[in-house]
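Comments concern the structure below.
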Amino acid sequence: MDETNMKRRALNREYARQSRLRKHKRLEDLTNEVNMLQSANKKLVESIKAKEEAYAETEVDNNILRAQTVELTDRLRFLHSIIQVAEKAKGLSVNVKIPNLKP
């Protein structure tokens, strides 16, 4: 083997070594990126779950408030009817405005 072949082989080995190092570095970078993205994804999933739970609780609270609104409106109408009966019995006139509440 002449000296030119030996130099070429040495350069080839060095280029191959550098190529392996670049591949290893790229693999490490991609692994780090995967880990970072998995962590971000986990945080997002947890955040979504918390918001879904809060939404469900708010929906339950809203349903309770709607039911209470209907109940109070019915009670107000009933009380108004009692007042009207009392007015008719005594000949009085009391104006009570009942709000139009829609559940």
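The values are calculated or read from the model by the stated rules, or taken from the named source; none is laboratory data. Predicted, not measured: the structure shown is a model, and the values here were computed from it. Neighbour counts are summed over all protein chains in view; Cβ atoms, including those assigned to glycine, are modelled from backbone coordinates with ideal geometry. The protein model used for the area step is the full one, side chains on, heavy atoms only, and it has no ligands, DNA or RNA in it. Shrake-Rupley method; radii C 1.70, N 1.55, O 1.52, S 1.80 Å.
Before we move on, is GLU33 without any contact (Cβ under 8 Å) to a residue 60 or more places away in the chain, more than 30 Å from ASN100 (Cβ to Cβ), under 33 Å from the mean Cα position of the chain (by Cα) and assigned to a helix (DSSP H, G or I)? Yes. Condition (residue is open to solvent by 100 Å² or more (accessible area, probe 1.4 Å), modelled with pLDDT of 95 or more and not β-branched (Val, Ile, Thr)) applied to segment 57-67: is it met by at least one residue? The answer is yes, given that some residue of segment 57-67 is open to solvent by 100 Å² or more (accessible area, probe 1.4 Å), modelled with pLDDT of 95 or more and not β-branched (Val, Ile, Thr). Residues in segment 27-51 that are among the hydrophobic types (A, V, I, L, M, F, W, C) and open to solvent by 90 Å² or more (accessible area, probe 1.4 Å): 5 in all.
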